[in-house]
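Q: Sharing a structure here in structure tokens format.
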Amino acid sequence: MMRGIWNRETVALILLAAALPVAATWLWEEGVTGGSRLLLAVIVGGLWQGLFTALRAQPPSAAGAVSALIIAMLAPQVGPLQFVLGISFGFVFGELVFGGWGRSVLSPAVVAIMFLGFGFPSAAWPVLAIQIGWATIPAALLLLAFGVLPWRVLAGALVVLVLAGGFSLDLLTSAVALALVFLVCDPATAASTSLGRWLHGALFGSLIVLFAASWDTASAQIAVSAALLASLSAPLLDEIAIALWRAVRRHRHG
Amino acid sequence: MGPEVVREDCAILGLRKRGLTVPIRTPLPLPTTPETHITAEAGLSLGPQMDLRVEPLVQLDDMVVQGQPILRDRRRPECIVTAPVSGRIIGLEIGAGRRLTSLVVATGDRLEPHIYDAQQARDEMAGGSGSDALRALLQGAGLWMRFRSRPFGRVPAAVARPAAIFVMGADTRPLAADPRLVLDGEAGDWVKLGLAALVRLCSGPVHLCQNSGPDIVPSMAGVTVSRVGDLHPSGLAGFQIYRHYPAEPDRPVWDISIEDVVAIGELLATASLPATRLVSVAGPGLRETRLVRCQPGADLRELCYKHSKPGQTVILSGSVIDGAPSRWLGYHDRQVTVLDSSNSRPQQHWLDAALRRASRPEPIIATAAVEQALGGLMPGMALLRALSVGDDEAAQELGALSLLEEDMALVDYVTAASPRFSDLLRASLDRIEANR
């Protein structure tokens, strides 16, 4: 008779609220250019969501706005036509064809940014100001307080990054922090078992360490590439965790 | 089996405190002593899982005494329903497929309860071997139907031997009564007798689940004490079975509430069935919270109407998360929840409603709330995903066979899921059962 509140859209609205301090900081830095990129990303993403709602009865999600913000912040600097193409590819093939937010394997932001990064390799990657890294801290705290952010993923990644960086935060650049909180710890695409989450976070951290040591490119590309590979392996990590859990349970209960 | 008592303190430092609190209010103060309230009419509302095909043992307008067998299942003679109260049968309707449509008993004068022949079972418990007389007594007196066998949640077969029995001495449903309240007076001795009877029925351990308070019974041979937390869903039999002794098709596990164990003890000691059941009547639709001893199948309108707030109210048999609107107290229910109508769903605009109905259901996002709603024990999201896509094999491997609909009620509440996971789990269990 009574229904609770933790449906998909509540989670999406909390994600949106957590993204507000980051968005405000970024807009403060970027000004009108950033604002127009964000507006374009929101409009294109919203159009595709609306189209899928009309044609396939797939309810739209407020999480699309968060994805649009991350695309606007981290995508390489390409022309408007390429930008629209990248966003469309990210939203349609990253999320909507799988059934919308919550049913996809990858975040549309990761797909869109990687599409633009590999499709237009000469485009310059954005460099995020240090303040944006700081702004992810209240975002992460808010998400942790509501239990939306899987803390094991965050802890796994931070442990690896801090240990590999020799107990300094050099590896945790603004782009890495942003990708960690909004792309890797996205509750819809992160691993869902306890062990799987630790491994997921640790894998992201390890990939960052590996790329930082051997790949001479912008921090944003490193962060999103690591997020892509970590998200792609999340189902495998879950499968490993469940196989282990079943082995332990068979041993204990016969 | 030698004496074994295993203690598990889950609540050390609150580290393993798992579960959720459902925000529902009830008028204070909470009563601590029950009042007796025998309603003028009593009915029978069996759950759909009972699947009783009725053969009446009495006629309309017959006089019955409390505890007398009145209905029997045609295919399974071990399933017997007894009269909840002494009086006259004023309603007895049998519908299609000989399923019971309604049974109503009007309370008459207080008479001596029906007396069963418990001597043979007592002798068997004292010295004999086997459990034939005990089974015959429990089946004849209708207490056999109080057992629920997992997997699948049916009444166990007459000759079945469970691998374990879980006795639920704790109840963590929102606004539920503390089951310890049924253990006052002679019931303290009867519960020991009942537990001894369960040990005899069962080929493995009898798990007594209780909260962190003092021990319900001193250490007994064959009885293992399991401590459960205070937060829902840790007090549900499903999660305790899942944790300590997972049910399999070839390893059935039964569960029974402690009040029914007391009833078994009372039947063995006095040869009659208890006349009342402890029921908590609570919820935001009441002016005062009540704790009553009423007959099984009591009339919920009569229990509530003098104490309801003015205006429209909804009376649920069961808790706010797994109860259903009903006229009579449900067969396994020990609580009544009264909601005021503002808690029921508001009227939706027709366009909004049509759009929602037409759209595909939204998926569940793996938040901490979902994890806690499953007790934090299992790869919960994997189980929920297996249930939503109808992957019975995966659900079975993730432990769905230990669970029943009531165990999914908290997830349904927390996520407002549609379709409900309770229904998905029942459909999955039915398919697994049919394909065996």
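Q: May I ask you to order B:331-337, B:126-132, A:110-116, B:201-207 by the average number of other C-beta atoms within 10 Å around their residues, highest value first?
A: With the highest mean Cβ count within 10 Å placed first, the list reads A:110-116, B:331-337, B:201-207, B:126-132.
Q: If you don't mind, another one. Other chains' Cβ within 10 Å of B:80-89 residues: what's the mean?
A: 0
Q: I would also like to ask the following. Sorted by mean Cβ packing within 10 Å, highest first, what order do the peptides A:19-26, A:181-188 take?
A: Ranking the peptides A:19-26, A:181-188 by packing returns A:181-188, A:19-26.
Q: Which percent of the accessible heavy-atom area of the protein assembly as shown goes to carbon and sulfur, probe 1.4 angstrom?
A: Ligands and nucleic acids excluded, carbon and sulfur reach 59 percent.
Q: Taking beta carbons within 10 Å but only from partner chains, what does the mean come to for residues A:5-12?
A: Across A:5-12, the average partner-chain Cβ count within 10 Å equals 6.
Q: May I pose another question? Taking only complete DSSP H runs, can you tell me which helices of chain A stretch 27 Å or more along their own long axis by Cα positions and average at least -0.5 on the Kyte-Doolittle scale?
A: Both cut-offs are met by A:8-30, A:32-56, A:194-214, A:219-253.
Q: Now, a different point. Among B:42-51, B:97-106, how do they line up from the highest to the lowest mean number of other beta-carbon atoms within 10 Å?
A: B:42-51, B:97-106
Q: Right, something else. For region A:240-254, which residues drop by 50 square angstrom or more in accessible area between the chain on its own and all protein chains together (1.4 Å probe)?
A: Correct list: A:Trp245, A:Arg246, A:Arg249, A:His253.
Q: Over both sides of the A-B contact, add up the buried accessible area with a 1.4 Å probe and give it to the nearest 100 Å².
A: Buried surface at the A/B interface: approximately 3200 Å².
Q: Would you kindly calculate the mean projected area, averaged across all directions, of the convex hull enclosing the Cα atoms of region A:2-253, in square nanometres?
A: 15.4
Q: Here is a follow-up. If only Cα atoms are counted, what is the Rg of region B:193-267, and what is its Dmax, in Å?
A: In Å, with Rg to one decimal and Dmax whole: 12.4, 35.
Q: In addition: Let me know the charge dipole size of region B:109-166 about its Cα centre in debye, to the nearest 20, where only the beta-carbon of Lys, Arg (+1) and Asp, Glu (-1) is charged.
A: Dipole size: approximately 480 debye.
Q: Size of the dipole of region A:2-253 about the Cα centre, Lys and Arg at +1 and Asp and Glu at -1 on the beta carbon, nothing else charged, in debye to 20?
A: Rounded to the nearest 20 debye, it is 940 debye.
Q: Rg (Å, one decimal) plus Dmax (Å, integer) for the alpha carbons of chain B?
A: Just the Cα atoms of chain B yield Rg and Dmax of 21.5, 72 Å.
Q: Treat each spin label as a single point 7 Å out from the Cα along the C-beta direction, and report the A:Ser168 to A:Leu141 distance in nm.
A: Label at A:Ser168, label at A:Leu141, 2.6 nm between them.
Q: Counting only heavy atoms of the protein chains, get the accessible area per residue of region B:96-220 (1.4 Å probe) and round it to a whole Å² value.
A: In whole numbers, region B:96-220 has 41 Å² accessible per residue.
Q: Averaging over every viewing direction, what projected area does the convex hull of the Cα atoms of region B:82-232 cover, in nm²?
A: 12.0
Q: Moving to a separate point now. If I take all pairs of Cα atoms in the protein assembly as shown, what percentage of them are more than 32 Å from each other?
A: Everything past 32 Å amounts to 57 percent.
Q: Restrict the search to region B:168-269; then list the GluC sites (Glu not before Pro) that DSSP places in a loop and that have at most 16 other Cβ atoms within 10 Å of their Cβ.
A: Hits after loop and neighbour filter: B:Glu186.
Q: Residue by residue through A:191-204, how many Cβ atoms from other chains fall within 10 Å of the Cβ on average?
A: For this peptide, the per-residue mean of nearby foreign Cβ atoms is 2.
Q: Quick check on chain B: of the DSSP beta bridges with both residues there, what percent are antiparallel, nearest 5%?
A: Bridges in chain B that DSSP calls antiparallel: roughly 65 percent.
Q: OK, next. Which residues does a label at B:Arg98 reach in region B:60-81, if reach means a backbone N under 20 Å from a point 7 Å past the Cα toward the Cβ?
A: Correct set: B:60, B:69-81.
Q: Just to be sure I understand the interface: list residues from region A:94-134 that lose 50 Å² or more of accessible area between the chain on its own and the complete protein assembly, 1.4 Å probe.
A: A:Arg103
Q: Which distance in Å, rounded to a whole number, links the C-alpha centroids of region A:143-182 and region B:376-411?
A: 31
Q: How large is ³J(HN,Hα), in whole Hz, for each residue of region B:404-415 in order, when computed from phi with the Karplus curve 6.51 cos²θ - 1.76 cosθ + 1.60 and θ = phi - 60°, using x for Gly and Pro?
A: Using θ = phi - 60°, the values come out as 10, 3, 4, 6, 8, 4, 5, 5, 4, 5, 5, 9 Hz.
Q: Sticking with this structure for a sec: Under the rule of -39500 (n - 2.57) per DSSP H run of 4 or more residues, summed and divided by the residues of chain A, what mean residue ellipticity at 222 nm is obtained, to the nearest 500 deg cm²/dmol?
A: -24000 deg cm²/dmol
Q: Would you mind getting the accessible area per residue of region A:2-253, heavy atoms of the protein chains only, 1.4 Å probe, in Å²?
A: That works out to 42 Å² per residue.
Q: Report, in whole Å, the centroid distance computed from the Cα atoms of region B:19-69 and region B:173-223.
A: 22
Q: Now for a separate question. For region B:144-232, give the share of DSSP beta bridges that are antiparallel, in percent and rounded to the nearest 5; count only bridges with both residues there.
A: Approximately 10 percent, going by the DSSP bridge assignments.
Q: Let me ask another. If you place +1 on the Cβ of every Lys and Arg, -1 on the Cβ of every Asp and Glu, and leave all else neutral, what size is the dipole of the protein assembly as shown about its Cα centre, to the nearest 20 Debye?
A: Result for the protein assembly as shown is approximately 560 debye, rounded to the nearest 20.
Q: Once the Cβ-Cβ distance between B:Ala158 and B:Arg356 is put in as r, and R0 is 45 Å, what FRET efficiency do you end up with, to the nearest 0.05?
A: 0.40
The values are calculated or read from the model by the stated rules, or taken from the named source; none is laboratory data. These numbers come from a predicted model, not from an experiment. Neighbour counts run over all protein chains shown; Cβ positions are idealised from the backbone, glycine included. To get the accessible areas, we keep the full protein, side chains included, count just its heavy atoms, and leave off ligands, DNA and RNA. Shrake-Rupley method; radii C 1.70, N 1.55, O 1.52, S 1.80 Å.
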